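Here, each number is a calculation from the coordinates, and none is a lab measurement. Model, not experiment: these values are computed from the prediction. Quick reminder, even Gly has a Cβ in these numbers, built from the backbone with ideal geometry, and neighbours come from all protein chains shown.
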Amino acid sequence: MGDPKKSRRLWEGPRTPWRRDRLLEESRLLGVYGLRNKRELWKATTIVRYFRHRARALLAAPVEVREREEKKLVEKLIELGLLKEGAKLDDVLNLRVEDLLERRLQTIVYKKGLAKTVYEARQLIVHGHIAIAGRRITSPSYIVPRDEENLIGFYHKSPLAHRAITLQEEGS
């Protein structure tokens, strides 16, 4: 079997961690999106930074390489829901960390009304009450692709699913 691959960090921290404006903005984002700690925010920032860096590198690449790779990158970001249909490479440079945080399962569960707050959404996900197409997802940071967004609901074995069905029947 061999030794497991050496794990490495999935995030890169800020270069200037103690700037007042950065601290205030990070605290605001933690509250708005219900993140557990700043490491979750830094992971999202690193992912967005990676996509923007790839876009800048493609702008400097030769034309034949650029056309092929640009199409792949833009299609992937459209599939993830970070860009709208018909987006160009310049739109990738305008990506913000908020765009990625909006695609987290925790945020989408809250926006769909399955939870009253983002913190409750996080708890429902971690406790196994939320599923996508019947498959239980227990990671609040799961990035929901555009085609799976309508498939989010309660896990069929969850007591909350049965309670939601009874409430719908009573309302009908």
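For region 1-107, which chymotrypsin sites (Phe, Trp or Tyr not before Pro) pass both filters: DSSP loop (anything but H, G, I, E, B) and at most 12 other C-beta atoms within 10 Å?
Trp18
Local charge sum around Gly128 (other residues, Cβ-Cβ under 13 Å, Lys/Arg +1, Asp/Glu -1)?
+4
To the nearest 500 deg cm²/dmol, what mean residue ellipticity at 222 nm is calculated for the chain from DSSP H runs of n ≥ 4 alone, each contributing -39,500 (n - 2.57), summed and divided by the residues?
Helix contribution divided over all residues of the chain: -16500 deg cm²/dmol.
Mind checking the full-extension length gain between Arg22 and Leu160? Use 0.36 nm per residue of separation minus the Cα-Cα distance, one decimal, nm.
45.8 nm
Suppose we flag trypsin sites (Lys or Arg not before Pro) only when DSSP calls them loop and at most 16 other Cβ atoms lie within 10 Å. Which is the longest uninterrupted stretch of the chain?
Here the longest segment lacking exposed loop sites spans 37-83.
Can you bin region 21-109 into rounded, prolate or oblate? Criterion: square roots of the alpha carbon gyration tensor eigenvalues sorted a ≥ b ≥ c, rounded for a/c under 1.5, prolate for a/b above b/c, oblate for the rest.
Values: a/c = 3.04, a/b = 1.94, b/c = 1.57.
Prolate is the answer for region 21-109, as a/c is 1.5 or above and a/b outweighs b/c.
Counting pairs of Cα atoms in the chain, how many percent are more than 29 Å apart?
34 percent
With springs only between Cα atoms under 10 Å apart, run a GNM on the chain and tell me which of Thr107, Thr138, Thr16 wobbles the most.
Fluctuation is largest for Thr16.
I'd like the orientation of helix 63-80 relative to the chain: the angle between its Cα long axis and the longest Cα principal axis, in ° from 0 to 90, rounded to 10.
Computed tilt is about 20 degrees.
Taking region 76-165 on its own, what percent of its Cα-Cα pair distances exceed 19 Å?
Here the long-distance tail beyond 19 Å is 39 percent of all Cα pairs in region 76-165.
With springs only between Cα atoms under 10 Å, which of Leu77, Leu95, Leu59 fluctuates most in a Gaussian network model of the chain?
Fluctuation is largest for Leu59.
Before anything else, pin down the relative contact order of region 105-171: Cα pairs under 8 Å, at least 6 apart, normalised by residue count, whole percent.
Relative CO of region 105-171 lands at 28 percent.
Under the definition of Cα pairs under 8 Å and six or more residues apart, what whole-number percent is the relative contact order of region 51-172?
Across region 51-172, relative contact order equals 20 percent.
Pick out which of Asp21, Asp147, Asp90 has the largest mean-square fluctuation in a Gaussian network model of the chain, springs linking Cα atoms closer than 10 Å.
Asp21
What is the extension gain from Glu75 to Leu151, computed as 0.36 nm multiplied by their sequence separation minus the C-alpha to C-alpha distance, in nm to one decimal?
In short, 25.3 nm is gained.
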